[in-house]
């Protein structure tokens, strides 16, 4: 998932790649990680985005696209939810 986090990912797509049914994959992720697959995908995307935010040269809109978010405002909303700060604030810190 880390390799493809910039692409649209669905439970069905990921399940197909690992030869499991979507419900079985969801159950495994939830039991092993304690979070849903969607939450795990968000976590992976945010971790990659945090690494990219350290590069001052990259515009935040570009980072959003590279990490699978359709626009900067949605990316900001997710980052604020998970990290309690905006991309600009994270970058300054």
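Computed from the coordinates by the stated procedures, all read-outs in this text should not be read as laboratory data. Here the structure is a predicted model, which is why all the values come from computation and not from measurement. Counting neighbours? That spans all protein chains shown, and the Cβs are built from the backbone with ideal geometry, glycine included.
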How large is the helix-only mean residue ellipticity at 222 nm for the chain, computed as the sum of -39500 (n - 2.57) over DSSP H runs with n ≥ 4, divided by its residue count, in deg cm²/dmol to the nearest 500? -19500 deg cm²/dmol
At q = 0.14 Å⁻¹, what log₁₀ I(q)/I(0) does a Debye calculation on the Cα points of the chain give, no solvent, two decimals? -0.52
Angle between the chain longest axis and helix 22-33 axis [Cα atoms, degrees, rounded to 10]: 60
Which distance in Å, rounded to a whole number, links the C-alpha centroids of segment 57-93 and segment 24-46? 21
What is the helix-to-structure angle for 72-83, meaning the angle in degrees between its Cα long axis and the longest Cα principal axis of the chain, kept from 0 to 90 and rounded to the nearest 10? 80
Taking the number of other C-beta atoms within 10 Å as the exposure measure, put 90, 75 in order starting with the fewest. 90, 75
How high is the relative contact order of the chain, in percent, counting Cα pairs under 8 Å that sit 6 or more residues apart? 26
